[in-house]
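No value in this document is a laboratory result; all are computed from the given coordinates. Bear in mind the structure is a predicted one, so any value in this text is a computation, not a measurement. Note that we place each Cβ from the backbone using ideal geometry, even for glycine, and neighbour counts take in every protein chain shown.
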């Protein structure tokens, strides 16, 4: 089975920092402009729940969680 992936659209980001506060092991904020920095496109299993929560609390919808592709036999 494939791993879920995250993507972040810095052009949509408003720098609220909710992602970095919710999942600091997965997201950070750029020290220059305050916009999202994605630390892990494929977050470790221990951080998946926090990453999903961060997607939900992002006020600009700049973060997307991509479901894993099904494996084909």
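Tabulated data
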item	result
Modelled FRET efficiency - R0 22 Å, residue 33 with residue 64, Cβ distances, 0.05 increments	0.65
Packing-based order for 34-44, 19-29, using average beta carbon neighbours within 10 Å, highest first	19-29, 34-44
Stretch gain in nm, segment residue 46-residue 16, where the contour uses 0.36 nm per residue and the Cα spacing is subtracted	8.4 nm
Helix-derived mean residue ellipticity, 222 nm - over the chain, DSSP H n ≥ 4, -39500 (n - 2.57), to 500	-5500 deg cm²/dmol
Those residues of the stretch 1-41 whose amide nitrogen sits under 15 Å from the label point placed on residue 53, 7 Å along Cα→Cβ	18-27
Value of D in µm² per second that Stokes-Einstein yields for the chain, Kirkwood Rh from Cα pairs, at 20 °C (1.002 mPa s)	174
Relative contact order (percent, whole number), the chain, Cα cutoff 8 Å, 6+ residue spacing	46
0 to 90° range, to nearest 10: angle between helix 48-57 axis and the chain longest Cα axis	50
